[in-house]
Structures are given as structure tokens and as C-alpha cells.
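The values are calculated or read from the model by the stated rules, or taken from the named source; none is laboratory data. Keep in mind it's a predicted model, so treat the numbers as computed, not measured. FYI the Cβ positions are ideal-geometry reconstructions off the backbone, even for glycines, and counts take in every protein chain you see. Ligands, DNA and RNA are excluded from the accessible area calculation, which covers all protein heavy atoms including side chains. Shrake-Rupley method; radii C 1.70, N 1.55, O 1.52, S 1.80 Å.
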Amino acid sequence: MYYADVLDKIIVDVIMDARLSLLFEKSTDFFCVLEKDGTIKHTNLAFRKTLGYSEAELENVKINELSHSADVRRRGELLQVLSHRKIVNDYESRIKAIDGRYYNIKWSVMYNPDDELIYASGANLTNKLNGTHQGAITDNIQHILQSFNEGFFIINNKWQITAFNPAFLAITGLKNKQLKNTSLKQLHNLGITDDVIAEFEAAFKGSTPGQLQYFNVHFKRWLRVNIYPYKDEVMVFIRDINSVMIQQLVLALEKHVLELYASSSNALNQTINELLKGIEEIFPDMICSVLEVDDAQERVYHLAAPRLPTEYCDIINGSHIGPKAGSCGTSAYHRSQVIVTDIETDPLWDDYRDLIRPFGFKACWSTPIISSQGARVLATFAVYYHNARQPKSDELQMIERTANILRILLENKRHQDSINDQNRRLQEIASISSHEIRRPVATILGLVNLFDQKNLENPLNREIIGHINITAQELDSVIHAIVEKTVHLKDDKA
């Protein structure tokens, strides 16, 4: 009876698989199966017919190869969400057809951990621009707008969005339904500032184009907006310029800090403090710190941390470096970057977790500042966050650039300290030469003049020789001190 039940179940499964296969193949919606790395395993007829691909042309192709460049980063974020939630609905992205045209698809995506496959079904939202303004735009222009990396939308004089392209949805993270009968001023995702509103109002009143860039506080990214008024409407192009802006801001900060250090009497910690404050303005979620490593390469000491709590700085000041000494101590010990994405679970923080927990920090990334000759670890540069997280590419680039600036500042300070110390020793040698050598030499010369060369048996000669011997020993001590200082100077240069 048991084997009969199993056989019946197998037969039912085969019938159901056949029915489902027929259903998906005949469906007008898109359907595809992907491996975890995005490799396409199966697509249905609607997917292939609409996009113009054959099964052979899609074999072993990764879905990112068919995705719009602006959607690739979002797809990586989707995979992270799927690993936790398993199912994601209403996910919109653009897929490129064989003729180069992009189709905006709304997907329902499921990850099955049993077979480690991703199942996705999608509805082709429209072959034209979204919104109520489609009729006035030719097919060729619509195709261009669909393919743009830049977001595009049109608003009327009531501030309602009447048309938009998929890139606008990708940049803002908005959905189609959120834009229906919605005023632009109510879209908090755009993080629109008063300056942006004023630019739009000027476009409506004066019918003159405008351009501005602003920091979107909602997404914490820089956006550039180009505004083109036409009749009672305004056409808008919006572009994510975060990477470009960060590079420009970091470059300007580096220039400012180096000029500040070269042209003023600011102490090293004051200059580094200015550098860290500038970084924290560019990356508002970052809390930065620099710890200096002692000459013995055993401990770290607080140097600069504009926003790190003083109490926490005092706690870690003078901490030992080691293989499990938090992020900074471990980074200095191994002479390599340490990325701790979750302090609560990372074993490197086992001995320090209770110390940092009251301050609310959840992640800490630390980079060693190694001397240009690779002989010493000069300091560590740390970035703290109040949430557990991985670094992004622009953050890693900033950390690398900051490490280089810190190396220049620290080595220049040590070089300057060495020069000052050498100058001090040279002044001491000059002082010894001009005073402490001249006195015993003058004494010896005077005693020589008193020496009775005609009567060598003169009793005073014995006393004179004794005084010359004492003075010669004193002179020898002075010369020995000069030699020691000269040796130290040579060691410092080496």
C-alpha cells in the first residue's frame, strides 16, 4: 500500500508539472527561472517572443547582461533582500530586447532555498512612457526616453506628474501607483529642498531652463536636475551624480587640508580633526577616528575624533594592539584593513563589546596607516556606524584616499620632528664647541706657557703636568659627548 501511495504521488506531481509548464508557456506574462548568480535556466514563450530572443540565445546568459545599467545595482540589493524575505513583489526593472529597446517589467520574485533557484514572473507594464502624456510623444522619442540612464518626468502647473520613464522609478525607488494623482511636492523620496522648489517655480513663471544639484537627504545621495519649461508644463531630467560629487568634494577637502597644514601653525591633531570633520560632512553617517601607534608598536593612542564621544576615546586610549583587539588594534597588529560589519557578533570585539555597547556603535572598519617604506604602522583610521553594514565602493575609495593623506601628514610631522631634534642637537654641539672645548684648550695653552723648559727639574713643572692631565681628561669627556651626539644624528638620518 505504501508503494502504491508513493507511485500515485509521483504520477500526480508529473501531471501537475506538465500543467504548470503548459500554463507558464502559454501565459502572456513573462516567466523565468534563474540560478543564484543570475544565470538564466528557463524562460517562457512570452518572454522570448516579446524580447525577440531564442532559447539558444538566452542559454547561460546572466540576467544582468539584459538589464539596464541603472538597474544592475538594484538587482544586487534585490538578491540580498531575497535571502531574508524569500519573496518580493512589485519589483520593477528594465529588460533589453534583441533590438536594443528596453521593456519596463513588474516582477514577482521568489527564492527557493531547496533547489537554490530564483523563480520570477513579470507583467509587461507598457511599451510606452508611463503616465497620461503618452499620446503627444512619438515612438522614437519614447524609445529613447525608455533607454535613458537619466530619470525623466513631466509635471503640469498643478505640480502633478503626468509622465515618467523607468529610470525615474529606479533612481527614486518609487512605484507606478505612488505617482498617480500625486503632487511632486509630496514625494518625500525626492528629498526636494526649497532651492529645488524655487527653481521649478522660476521655470513656470519665466519659461527659462534651469539646472541645479542637491543632496537628497532621503537616499543620502547627490542628484542633478535639469529643467526645461514648455507651455504649461515642465520637462525634467534627473541624474544620480553621487560618485562624481563625492570625488570632487573629497579632492577639495584634501587640497584644503594640505594647504592648511603647509601654511599655518596648526598642530597635527588639529589638521587631522579638520580632515575628519570634512569627511563626516560628505558622508553624514560616518563617525571617524584616528589612533596613533606608539614607537614600540604595542599600543594605540587617541589623536583625532571630532564626533566620537570623549568618554569612549578615554576608554580605548592606550589600548594594546593584538590579533583580537577590536577593529583598530587588530588592524595595527596584522597591518591590514579590518572590516567589522556587525560588532555584536564579530569575535574580534569579544573583549571590547561591553565597552562599546553603551555608545550604540554597530559597525567599525579600520585601516592601518603604514609608513611609505613599509617599516612601521603609524596610525589607524577608523569609521564607526550606528547600524550594522557593509562598506560601499565609494566609501572604500574614500578610505583609501584618506589613508594616503594621513600617511603624508604623519610622516611629514615625524620628519619635521626629526629635523627639529637634529637642529637642537647641532646647536648643543655648537655650544659645546664654542664654550666647553675652548675653556680646557685655553687652560692647557696657559699651562704650557708656564712650563719651565730650561729647568726641567723645576718642582712647578710636575704640578703643571698634573693640571694639564686633568684638563686633558676634561677635554676628552667633552669630545666624547660630541661624538655621541653625532652618532645619534647619523642614526636619525638612517
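Taking the numbered list (1) of a type outside the set (Val, Ile, Thr); (2) surrounded by fewer than 16 Cβ atoms within 10 Å (Cβ to Cβ); (3) at negative phi; (4) within 26 Å of the chain's Cα centre (by Cα) in turn, Met245 passes all entries but (2).
Give the residue that is farthest from Ile405 (Cα to Cα), with candidates limited to residues of the range 353-381 that are of a type in the set (Phe, Trp, Tyr) and touching a residue at least 60 places away in the same chain (Cβ under 8 Å). By that ranking, first place goes to Phe361.
Filtered by the rule that a residue be in a helix (DSSP H, G or I) and within 16 Å of Val225 (Cβ to Cβ), the range 171-187 gives Ile171, Thr172, Leu184, Lys185. Among the residues making up the range 375-401, a single one is loosely packed, with under 15 Cβ neighbours inside 10 Å and closer than 16 Å to Ala305 by Cα: His386.
Residue pairs whose Cβ atoms lie under 7 Å apart, separated by 6 or more positions or on different chains, with the first residue in the range 187-214 and within 15 Å of Gln160 (Cα to Cα) and the second acidic (Asp, Glu), do not occur. Selection of the range 115-137 for residues being open to solvent by 30 Å² or more (accessible area, probe 1.4 Å), at pLDDT below 80 and in a loop (DSSP other than H, G, I, E, B) yields Asn127, Lys128, Thr132, His133. Under the condition of being small (Gly, Ala, Ser), assigned to a helix (DSSP H, G or I) and over 17 Å from Ala123 (Cα atoms), the residues counted in the range 32-58 number 1. Of everything listed in (1) touching a helix residue (DSSP H, G or I) at 6+ places or on another chain (Cβ under 7 Å); (2) among the hydroxyl-bearing types (Ser, Thr, Tyr); (3) crowded, with 20+ Cβ neighbours inside 10 Å, the single unmet condition for Ser372 is (3). Only one of the listed residues (Leu251, Leu260, Leu212) is outside any loop (DSSP other than H, G, I, E, B) and open to solvent by 70 Å² or more (accessible area, probe 1.4 Å). That residue is Leu251. Residues in the range 59-85 that are in contact with a helix residue (DSSP H, G or I) (Cβ under 8 Å, 6 or more places away or on another chain), outside any loop (DSSP other than H, G, I, E, B) and under 16 Å from Thr172 (Cβ atoms): Ala70, Asp71, Arg74.
Inspect the range 461-468 for any residue being among the β-branched types (Val, Ile, Thr), within 24 Å of Ala442 (Cβ to Cβ), surrounded by 13 or more Cβ atoms within 10 Å (Cβ to Cβ) and at pLDDT 70 or above and give the result as yes or no.
Within the range 461-468, the subset among the β-branched types (Val, Ile, Thr) is 464-465, 468.
With the extra rule that they be within 24 Å of Ala442 (Cβ to Cβ), the set shrinks to 464-465, 468.
Filter once more, keeping what is surrounded by 13 or more Cβ atoms within 10 Å (Cβ to Cβ): 464, 468.
Filter once more, keeping what is at pLDDT 70 or above: 464, 468.
Looking for residues that are among the β-branched types (Val, Ile, Thr), within 24 Å of Ala442 (Cβ to Cβ), surrounded by 13 or more Cβ atoms within 10 Å (Cβ to Cβ) and at pLDDT 70 or above, one finds at least one in the range 461-468, hence yes.
Residues in the range 336-351: is at least one hydrophobic (A, V, I, L, M, F, W, C), modelled with pLDDT of 95 or more, farther than 28 Å from Lys413 by Cα and assigned to a helix (DSSP H, G or I)? Within the range 336-351, one or more residues are hydrophobic (A, V, I, L, M, F, W, C), modelled with pLDDT of 95 or more, farther than 28 Å from Lys413 by Cα and assigned to a helix (DSSP H, G or I).
How many residues are in a strand (DSSP E or B), touching a residue at least 60 places away in the same chain (Cβ under 8 Å) and in contact with a Phe, Trp or Tyr (Cβ under 9 Å, 6 or more places away or on another chain) when one looks only at the range 274-327? Spell out how you get there, then give the answer.
Narrowing the range 274-327 to residues in a strand (DSSP E or B): 287-293, 299-304, 319-320.
Those left that are additionally touching a residue at least 60 places away in the same chain (Cβ under 8 Å): 287-293, 300, 303.
Cutting the leftovers down to in contact with a Phe, Trp or Tyr (Cβ under 9 Å, 6 or more places away or on another chain) gives us 287-293.
Looking only at that region, the number is 7.
When Met235 is tested against (1) modelled with pLDDT of 85 or more; (2) touching a Gly at 6+ places or on another chain (Cβ under 7 Å); (3) open to solvent by 40 Å² or more (accessible area, probe 1.4 Å), only condition (2) is not met. Residues in the range 140-170 that are of a type in the set (Val, Ile, Thr) and modelled with pLDDT of 80 or more: Ile154, Ile155, Ile161, Thr162.
So that you can scan it fast, the table gives a plain yes or no per residue for (1) in contact with a His (Cβ under 8 Å, 6 or more places away or on another chain); (2) open to solvent by 10 Å² or more (accessible area, probe 1.4 Å):
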position	(1), (2)
Gly151	no, no
Lys158	no, yes
Pro166	yes, no
Ala170	yes, yes
Lys177	no, yes
Lys180	no, yes
Leu190	yes, no
Asp195	no, yes
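Taking the criterion of being touching a Cys at 6+ places or on another chain (Cβ under 7 Å) and β-branched (Val, Ile, Thr), the only residue of the range 282-311 that qualifies is Val300.
Report the residue count in the range 57-68 for those that are exposed (fewer than 13 other Cβ atoms within 10 Å of the Cβ) and at pLDDT below 90. I'd like the intermediate steps shown before the answer.
We begin by selecting, within the range 57-68, every residue exposed (fewer than 13 other Cβ atoms within 10 Å of the Cβ); these are 57, 59-60, 65.
If we keep only those that are at pLDDT below 90 as well, we get 59-60, 65.
Count: 3.
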